[in-house]
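Below is one structure, written out as structure tokens, with a few remarks after it.
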Amino acid sequence: MTDTPRLLSLSGQEINPYLDALASLRIEVFREFPYLYDGDHAYEERYLKTYAASPRSVFIVALTGDEVIGVATGLPMADETEEFKRPFVEQGYDVDSIFYFGESVLRSQWRGQGIGVAFIDGREAFAREKGFRTTVFCAVQRPEDHPARPADHVPLDRFWENRGYRRQPALQTTYRWRDVGDTEETDKPMMFWMKELD
């Protein structure tokens, strides 16, 4: 790791040259606990194109040289799918005021060096610039005794809390994917975290 990572802030169609690398990176990182996601490259590219299609999306891309080592995404909640918006609509939130953080993925050898903080700060700055008052993301809920939980697993809850995010037990949903080692997709419980921007 001789190169110092550089961060690019891209929006909408600017991400197109990186779609293939980002799809591969999502599959690689999300195979780890707690997501255990058995990804499909074609699906990943379709998913990322949803973000690329939004002119108000943001991609914070971390690179060493030309290699993509991480990415954090976001877009207005109003531009998301109905399943993402549903919990907020049902609880009476104004989805037009909310900016959604899609994911933050980073290769393991680069963690703990401040890139995760930069990912959050960059997306919050973008959201403020676009006039949003609230930022949210969701995280999968796995039981403490899950058989695939590594003995040294440290949840990111404290990191998120230190950045001002709070769990929202009233805002929960489920998403479906196939876990590593499974043959079928199953529902996964997801809880949203929220922060009111200054």
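Filtered by the rule that a residue be on the phi > 0 side of the Ramachandran plot and touching a residue at least 24 places away in the same chain (Cβ under 8 Å), segment 120-165 gives a lone residue, G164. Residues in segment 85-119 that are more than 14 Å from the chain's Cα centre (by Cα), within 15 Å of K195 (Cβ to Cβ) and not in a helix (DSSP H, G or I): Y93, I98. In segment 164-198, the qualifying residues are those that are in a strand (DSSP E or B) and of a type in the set (V, I, T), and the one that is farthest from T81 (Cα to Cα) is T186. Taking the criterion of being over 15 Å from R46 (Cβ atoms), in a helix (DSSP H, G or I) and open to solvent by 60 Å² or more (accessible area, probe 1.4 Å), the residues of segment 8-17 that qualify are Q13, E14, P17.
Given (1) of a type outside the set (V, I, T); (2) in a helix (DSSP H, G or I); (3) in contact with a strand residue (DSSP E or B) (Cβ under 6 Å, 6 or more places away or on another chain), identify the lone condition not met by E161. Result: E161 fails condition (3) only.
The set of residues from segment 148-166 being open to solvent by 100 Å² or more (accessible area, probe 1.4 Å) and modelled with pLDDT of 95 or more comprises R158, N162, R166. Residues of segment 75-84 that are assigned to a helix (DSSP H, G or I) and either in contact with a strand residue (DSSP E or B) (Cβ under 9 Å, 6 or more places away or on another chain) or closer than 27 Å to R6 by Cβ (or both): M77, A78, D79, E83, F84.
Residue check: A139 meets all listed conditions (1) surrounded by 14 or more Cβ atoms within 10 Å (Cβ to Cβ); (2) modelled with pLDDT under 95; (3) of a type in the set (A, V, I, L, M) but one, namely (2).
Y47 passes every criterion in (1) surrounded by 14 or more Cβ atoms within 10 Å (Cβ to Cβ); (2) not in a helix (DSSP H, G or I) apart from (2).
Of note, A72 satisfies the criterion of being within 21 Å of V136 (Cα to Cα), at pLDDT 95 or above and open to solvent by less than 40 Å² (accessible area, probe 1.4 Å). Among the residues making up segment 40-53, those that are in contact (Cβ under 8 Å) with a residue 40 or more places away in the chain and under 16 Å from the mean Cα position of the chain (by Cα) are Y51, A52. Checked against the criterion of being at pLDDT below 95 and either hydroxyl-bearing (S, T, Y) or within 27 Å of R167 (Cβ to Cβ) (or both), the candidates E80, E32 yield just one match: E80.
The values are calculated or read from the model by the stated rules, or taken from the named source; none is laboratory data. Please read all numbers here as calculations on a predicted model, not as lab measurements. Every residue, glycine among them, receives a Cβ derived from its backbone with ideal geometry; neighbour counts consider all protein chains shown. Heads up: the accessible areas ignore ligands, DNA and RNA and are worked out on the full protein's heavy atoms, side chains in. Shrake-Rupley method; radii C 1.70, N 1.55, O 1.52, S 1.80 Å.
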